[in-house]
1. Counting other Cβ atoms within 10 Å, which trypsin sites (Lys or Arg not before Pro) in region 151-252 have at most 14 and lie in a DSSP loop?
2. Viscosity 0.692 mPa s, temperature 37 °C: what is the translational diffusion coefficient of region 101-169 from Stokes-Einstein with a Kirkwood Rh over Cα pairs, rounded to a whole number of µm²/s?
3. Can you give the relative contact order of region 266-358 as a percent, counting alpha carbon pairs under 8 Å and 6+ residues apart?
4. Could you work out the pair-distance distribution P(r) of region 265-304 from its alpha-carbon pairs, with 5 angstrom bin width and percents rounded to whole numbers?
5. Give the whole-number value, in cubic angstrom per residue, of the convex hull volume spanned by the C-alpha atoms of region 6-70.
6. Once amide H atoms are placed 1.01 Å from N in the peptide plane, what residues at a sequence separation of 5 or more from Cys122, or on another chain, have their amide H within under 5 Å of its amide H?
7. Quick one: divide the alpha-carbon radius of gyration of region 206-284 by 2.2 N^0.38 Å and tell me what you get.
8. Which value, in Å to one decimal place, does the Kirkwood hydrodynamic radius take for region 333-428 when every pair of different Cα atoms is included?
Amino acid sequence: MYEFSPEEIRTIVRNYLETDSDDFVVVSSSLAAHSTSKVGFMGDHRNLVVEFRRSADSPSVESKHFFLKTLPAREDSANLPDLVVEGGLFDHEAEFFNRVAPLLKQSLCEAAGGEGDDDDFCPRCYLANGEILVLEDLRDRGYAMCESKLFGLAELKAAARALARLHASGLLADLRGDRPLLELYPGAFAEILFTEGTIRFKRLDLAADLIEALAGKLGRDPSRVRSAVHRGFAVAYRWSDEDRPMKRCVTHGDPWPNNMLVKGSSDEARVCLVDFQLCRYGPRTIDLAELVYLSTRRETREMHEGDVLEAYHRELTRCLGSAAPADSKPSLEDIRGEYEELRLTAMYLALMYLPVICIDKKIMSSYTPQEINDRIVFRQSNDEIIKIYESDPEYAARIDDVLGEYIDYLERIDFPAEYEPITLPDDNDDQQQQQQQHDEILGDGDAQAGSKTRPRGRVPWRGISSERHRAEGGAEEQRDDTHEAARCVASSRLTHSAWERPYELSAVRQLRDREHETDTAVALQALQEVRSRAPLSELSQRTQALTRAQ
C-alpha cells in the first residue's frame, strides 16, 4: 500500500482548501475502506481520511474523506501492477488530471462567461502521480454508482450530457490554444484499444470466436460475425478527420455505468464521469454509441436512441455557445451520421466488454484474482466465458440482448461474410530490432539452452525443486530447455506494449504449469515462435493440445 509523505498530505489539504497559505495544521491521516466489495480491475479504491485545523489557533478539527485510487495490490494479481505501470495507465490518468482536466474546465468556464458549472463532468483532483490518484469523494455531492449497471432514460440522457460537456471542453481548449491538446499532452491520450497489438495478438479473432459460438447457441447464423468484428475494429483503427464535418476530440474511452456516477432523477439527473485511464482522441460519438450499448436493454435503445442523441446535441451546442465558430458546431444530422457510422464498432466493443463486466459478483468471487486475469480478463480462450454463460441465465440474457440486435443488424444491411484481415505495415526493420533486443538479453538460443541465468524482467518463476530433479533423474537438461523457452516468452514484453503483456504471461504460465508434460522439441519450437512474433494464442492452443494428447 502506498505510504503518503507528510508533504503529500499537506499538498492534498492545500489543494482542497484552494489556498497558497500554509497556516493550516494536519492533525492525522489514515486509510479506510471505500466500499464493501472490490470495483474494477485496474486499481484499488480506498478512502483517505485527513483531520486538520484551518489555522494553528483554530479550536475545531475538521475531518475530510478523499477518494484514493492506487495500483492494484500485487497479492491480488501478480501481473496487473506491471501492466498498469509499464502500460502507462496510471501515468496516463495522472497526466489527464494534472495537465488536461484544468484546461478543459477552464475552457468550459470561459465559454460560459466565467460562470463555470461546479458540477461539470469529472471530479476534482488533489494529487496525482504514477502510483496514486486522490480525488474528491463524489458521494459528498450526492453521486452514487448505479448498482444494476443498466440506465433508464433519465440516467442515459444525463450520461450523454456529461459526455457532451467533456467533448465540448476539449473542442474549446483546442480552439483556444495554438496547438491541440493531443500535441501538447500526448501521454494523456495514448491509444490503447485500437492498436496493432490487438491485431497481432489475434484479440479480434478471439472476440469473433466467442460471438460466433454464442450466436450458434441462440440458433442464429454466425457467418457474418467475423467479417463484422474486423470491420468494426477497422473503422476506428483507420479513422481520419479528413473530409469529415466533425473532427476528433477528447473522449472518455470507457463509458459504462461503473464509470458514471449518478445523482438525482428524471430531468434533474446529473452524471459525473470517472476513470480516465482509457481517455483518447477519437470520434466523439464512439463514446455515445458505446454508452448506449453498454448501459441499456434493446427495448430502451429502440425507443429512446433518438432522444439520447438529441440530448447530447443540445448540451454540446449549449456548451460551445458563442465561443466556437459556426462551422465547428455539428448539426444533429452530423451527430446521427457519425453515430451510425460507428454503430458496428460500438456493438463489437459491447460484445467484447459485456462478457467480463456482467459476471455476477458471487460468481466472480469464486475465482482467485489470478484466475480472473488468466481465464476472463486476459484470457487465451473463451472456455470460461462460455461456462458462465451456460450456467447463469441472467448473464446470458444480458449478452444475448446485444448479440441478437447485432445479428439482426448484420442481416438487415446484408453485411458480407467475406473479408480481408487488417494488414499491418511492413515491419521487417522492427522485427530485426526486436531480435537484437532478444539477443542482447538472452544471447543465442542454442548457446543459452540450459543456462540458469534469468533474463531481465519481473515475471515470477517457479523453479523445479532439487528433490524433483533427483526423482526424475536425467530429465534436468530437458527442463532447462523448457525453462529457456518460457523465459523467452516472458522476455517478449520487450517487444510489445505492457498492455498486451498479460496475454503473453498467460502463455508463460501454461508452459510453466505443464513443463513436466512438454518435451524439449516443443519448448524450443515455442522459443522460435516467440522470436518470430507468432501469435501467442496459437502457442497457447498448441500447449493445450499437447496436454490433452498426453
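Read the figures in this text as sums done on the coordinates, not as results from a lab. Just so it is clear, the model here is predicted, and its values are computed rather than measured. Neighbour counts run over all protein chains shown; Cβ positions are idealised from the backbone, glycine included.
1. Of the trypsin sites (Lys or Arg not before Pro), the ones in loops of region 151-252 whose Cβ has at most 14 other Cβ atoms within 10 Å are Arg238.
2. 238 µm²/s
3. Working: 35 pairs, mean separation 42.4, N = 93.
Relative contact order, region 266-358: 46 percent.
4. Cα pair-distance distribution for region 265-304, in percent: 5, 15, 19, 30, 18, 12, 1.
5. Values: hull volume 5.6 nm³, N = 65.
That works out to 86 Å³ per residue.
6. Leu273
7. Values: Rg = 17.5 Å, N = 79, 2.2 N^0.38 = 11.6 Å.
With N residues counted in region 206-284, Rg over 2.2 N^0.38 Å equals 1.52.
8. Kirkwood hydrodynamic radius for region 333-428: 15.9 Å.
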